[in-house]
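Below is one structure, written out as structure tokens, with a few remarks after it.
The values are calculated or read from the model by the stated rules, or taken from the named source; none is laboratory data. These numbers come from a predicted model, not from an experiment. Neighbour counts are summed over all protein chains in view; Cβ atoms, including those assigned to glycine, are modelled from backbone coordinates with ideal geometry.
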Amino acid sequence: MTDLSPPEQRPVAGIVLRVSAATIFAFMAAMVKIGSDHGLHPIEMIFWRFAFALPPLLLWIALRPGGLQVVKTKRPLAHLWRALIGFVAMGFGYWAITLLPLAEATAISFAAPIFATLLSAIFLLETVGWHRWSAVAMGFVGVLVIMQPQNLALPLDGLVVALVSAFGVACVIITIRQISRTERAITTVFWFTLISAVGTGFVVPFFAAGHDWTGWAIMIAIAILGGAAQLLLTASLRVAPVVVVAPFDYTQLLWAVALGWLIWSDVPSAATWTGAAIIIASGLYTLYRERRRSRPQRPVIV
């Protein structure tokens, strides 16, 4: 069986993997914020996130059936583009975490599927009915509630950076949809990691600085957590449909709130809770409509 062949469906396993990925992503985000407090630059954290993750990823691929043959690709430019927009999205995401409380940065990141719906209509020419457009509008209302543009309770630069990151993630979602038609998931993960490690390697000298053991421990932790979460995320889609596992991404917000409170004594405002609830409801309704659209119609018996 290859990564392109129909997988065995195990919804419970997929949900467990997805919740684990969301939990680890939350802890990784907390480590990024801790790293920023410790004086680490986002570019530097991103570089070492890929550099430290590449060797274990190669080992994991080598031990899989087919070994390193699975990283062969006939679409190098597509992987280059995916890596470029993925790096930009990640860079702005790390930056947003340093500028905003963890819960607010996480909540705004959930706007990515909203942007993805817009992009799928424009670039993939997908039919988007009024149900999904209503969900998109509702999602943007949720974002505005969190941002509170009437009084800007949160720093404007952090809000803008977070929205740019969410839009970048949406671009990644659309690109992966196109690449996955011909490429294995593990192939995409490998080339994203390799290209990002090499690319950031050229610019990191302009941002790097000397660090103590705590700084290096933080960057190693970010790499391990980020790599593990990415693999779990990919594995969840291997054993269960996206409409089953995707709703559990929102458990990351619960961890973000808990970690933000425990480490920085941040307590989300009522606006954050309300906006996050609206965004999550929008995302869940979009997934529900996707499931309805993909369900085969029953024959009418007359």
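Quick notes on this structure:
- Residue within segment 6-16 that is surrounded by 22 or more Cβ atoms within 10 Å (Cβ to Cβ) and farther than 28 Å from Phe207 by Cβ present: yes
- Filter result (hydrophobic (A, V, I, L, M, F, W, C), buried (at least 22 other Cβ atoms within 10 Å of the Cβ) and within 17 Å of the chain's Cα centre (by Cα)) within segment 142-166: Val161, Ala162, Ala166
- Restricting Gly129, Gly139, Gly67 to residues that are closer than 30 Å to Trp261 by Cβ and of a type outside the set (Ser, Thr, Tyr) narrows the list to Gly139.
- Residue-level analysis places Gly283 outside the set of residues that are more than 17 Å from the chain's Cα centre (by Cα) and not aromatic (Phe, Trp, Tyr).
- Candidates in segment 50-61 are the residues that are aliphatic (A, V, I, L, M) and surrounded by 12 or more Cβ atoms within 10 Å (Cβ to Cβ); of these, the one that is farthest from Phe87 (Cα to Cα) is Ile61.
- With respect to the stated conditions, Leu156 is at negative phi, free of Cβ contacts under 8 Å to residues at least 24 places away in the same chain and not small (Gly, Ala, Ser).
- Matching residues, segment 239-259, being closer than 18 Å to Arg10 by Cα and not charged (D, E, K, R): Val239, Ala240, Pro241, Val242, Val243, Val244, Val245, Ala246, Pro247, Phe248
- Filtered residue count, segment 244-267, keeping only those that are of a type in the set (A, V, I, L, M, F, W, C) and surrounded by fewer than 18 Cβ atoms within 10 Å (Cβ to Cβ): 7
- Unique residue being under 21 Å from Ala26 (Cβ atoms), in contact (Cβ under 8 Å) with a residue 40 or more places away in the chain and under 18 Å from the mean Cα position of the chain (by Cα) when the list is Ala223, Ala185: Ala223
- The single condition among (1) closer than 16 Å to Asp249 by Cβ; (2) of a type outside the set (Gly, Ala, Ser); (3) touching a Leu at 6+ places or on another chain (Cβ under 6 Å) that Pro113 does not satisfy is (3).
- Any chance Thr175 is closer than 30 Å to Leu68 by Cα and either modelled with pLDDT of 85 or more or in a loop (DSSP other than H, G, I, E, B) (or both): yes
- Residues of segment 245-271 that are over 17 Å from the mean Cα position of the chain (by Cα), outside any loop (DSSP other than H, G, I, E, B) and not aromatic (Phe, Trp, Tyr): Val257, Ala258, Leu259, Gly260, Leu262, Ile263, Ala270, Ala271.
- Number of positions in segment 183-233 that are in contact with a His (Cβ under 7 Å, 6 or more places away or on another chain) and not in a helix (DSSP H, G or I): 1
- Taken as a whole, segment 118-130 holds at least one residue that is under 17 Å from the mean Cα position of the chain (by Cα) and surrounded by fewer than 22 Cβ atoms within 10 Å (Cβ to Cβ).
- Residue in segment 167-188 that is surrounded by the fewest Cβ atoms within 10 Å (Cβ to Cβ), counting only those that are among the hydroxyl-bearing types (Ser, Thr, Tyr) and within 19 Å of Leu231 (Cα to Cα): Ser180
- Residue in segment 69-83 that is in contact with a Ser or Thr (Cβ under 8 Å, 6 or more places away or on another chain) and closer than 28 Å to His38 by Cα present: yes
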